[in-house]
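A short worksheet on the structure shown next.
The values are calculated or read from the model by the stated rules, or taken from the named source; none is laboratory data. Note that the coordinates shown come from a computational prediction; the quantities given were computed from them, not determined experimentally. Note that each Cβ is placed from the backbone with ideal geometry, even for glycine, and that neighbours are counted across all protein chains shown. The accessibility values were calculated without ligands, DNA or RNA, using every heavy atom of the protein model including side chains. Shrake-Rupley method; radii C 1.70, N 1.55, O 1.52, S 1.80 Å.
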Amino acid sequence: MIPLDEAQAYVRGCCPAPVATAVALREALGLVLAEPVLATEAVPPFANTAMDGFAVRAVDTVGAPVRMAVVGTLAAGDAPDRPVGPGEAIRIMTGAPMPPGADAVVMVELTSVSGSAADEQVDVEVEVPVGNHVREAGEDLEPGQVVFPAGTAIGPGQVSVLASINLGVVPAFRRPRVGVISTGDELVADGSALGIGQVRDSNRPGLLALVEESGFDGVDLGLVRDEEDAIEQVLLAGVESCDALLTTGGVSMGDFDYVKVVLDRIGDMRWMQVAIRPAKPLAFGTVAGVPVFGLPGNPVASMVSFELFARPALRAMGGHAETERPRVRAVADGGMPRGPDGKVHFARVVVDYRDGGYRVSSAGGQGSHQLAAMAGADGLAVLPDGDGVADGDVVEVLLLY
Ligand code: AMP
Ligand code: MG
């Protein structure tokens, strides 16, 4: 068996570098900037008001309360058609441009209006300083300024900023396209009744969901029988259209584990027994330069293997600097006993943040076929080789969210 970090480093070392491309802003969420982005426009583009109220000359409010003549109205989107002179005010709505002459805004709550539409006055209750409630042009971003350096992960905030500077096409690393294949003669995926010895193909939908939740493009390459030719065909077609492949099943020590056999023949593969539980077997390598993850067939193992090997490597291929799940220290509620076996165990746990700290408890049955606990888990507790942890002990946890 080899240590987890050695296996992870090997996998990372075989994965290709991120590929720069250009994507529509609408498609950019979750990608990483391949180049720095510079502002070509000022944000805000013009001085405008942050409040509904009256645009005035600050100097005219000295000695408030004071009465001023209302000489116009500006809504957001209006262009000012006259200046504000001494003793004058223009009614103004949030986002509307400051009229020439005015240098401050008095919020509407601190004013009262009197007179007729043709001869309207406003009483201003307070003195306001120059710049009061005014958002200056370029206060957020100046033209020419580096808005985001290369390597920035594009989240909702970045999408909004990029839209604010009119960047409709974004220089980003390509989102990895990840093909998923399940293998096994016992698997049923067409909804038909189960015969003796048959089980539902749960790994393929589960892995496609993990791929997509992680921000990659999932490509369903179907269910393949335990036949060398069929496995070879789907793998060769898969590497033509995808940036990485995930297979599940067929990599253990059984007589019909042909994925390993085929990958050995057509790829540059390494077959690893990793000192972890679940997910000990991993076949990993490249076929025509495309990384292929031969994940174990046991349902929980396939998901844990994805978390530990595929997700970090695929994130790196997408240009992410941060590839790991966050790790926290948590108090174990109820013990998590285990026996020494030379492996690090990843226990499926429910994570809570309570009274200023993390707490975890077992998410249920820990067998590598017991998917319910995987589904209920939002963390993997890292149990080093030994006897596990007792109630109240501190344990390290990988957060799965
Ligand atoms: P294998 O790695 O092919 O020896 O499979 C190990 C175990 O995982 C067996 O019990 C398989 O039936 C099960 N298994 C393999 N592939 C899948 C799958 N796609 N969905 C559900 N169970 C699977
Ligand atoms: Mg099998």
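Identify, please: which residue in segment 242-292 is within 13 Å of ligand 2 (Cβ to nearest atom) and among the acidic types (Asp, Glu) and is, among those, nearest to the chain's Cα centre (by Cα)? In this case the residue turns out to be Asp257.
Does Gly72 satisfy the criteria of being within 30 Å of Pro278 (Cα to Cα) and without any contact (Cβ under 8 Å) to a residue 40 or more places away in the chain?
Details: within 30 Å of Pro278 (Cα to Cα): no; without any contact (Cβ under 8 Å) to a residue 40 or more places away in the chain: yes.
For Gly72, the condition - within 30 Å of Pro278 (Cα to Cα) and without any contact (Cβ under 8 Å) to a residue 40 or more places away in the chain - is not met.
Among the residues of segment 229-265, those that are within 12 Å of ligand 1 (Cβ to nearest atom) and surrounded by 21 or more Cβ atoms within 10 Å (Cβ to Cβ) comprise Ile231, Leu246, Thr247, Thr248, Gly249, Gly250, Val251, Tyr258, Val259.
No other residue among Gly392, Gly364, Gly386 is open to solvent by less than 60 Å² (accessible area, probe 1.4 Å), more than 16 Å from ligand 1 (Cβ to nearest atom), assigned to a loop (DSSP other than H, G, I, E, B) and touching a helix residue (DSSP H, G or I) at 6+ places or on another chain (Cβ under 6 Å) apart from Gly364.
Here Asp226 fits the description: assigned to a loop (DSSP other than H, G, I, E, B), of a type outside the set (Lys, Arg) and crowded, with 19+ Cβ neighbours inside 10 Å.
Evaluate the following for Ser214: is it in contact with a helix residue (DSSP H, G or I) (Cβ under 8 Å, 6 or more places away or on another chain), more than 13 Å from ligand 1 (Cβ to nearest atom) and of a type in the set (Ser, Thr, Tyr)? Write out each step before concluding.
On the way: in contact with a helix residue (DSSP H, G or I) (Cβ under 8 Å, 6 or more places away or on another chain): yes; more than 13 Å from ligand 1 (Cβ to nearest atom): yes; of a type in the set (Ser, Thr, Tyr): yes.
Yes: the conditions hold for Ser214.
For segment 186-204, the criterion of being surrounded by 21 or more Cβ atoms within 10 Å (Cβ to Cβ), within 14 Å of ligand 2 (Cβ to nearest atom) and assigned to a strand (DSSP E or B) is satisfied by at least one residue. Would you confirm whether any residue within segment 56-68 is basic (Lys, Arg) and surrounded by fewer than 18 Cβ atoms within 10 Å (Cβ to Cβ)? Yes: segment 56-68 contains one or more residues that are basic (Lys, Arg) and surrounded by fewer than 18 Cβ atoms within 10 Å (Cβ to Cβ).
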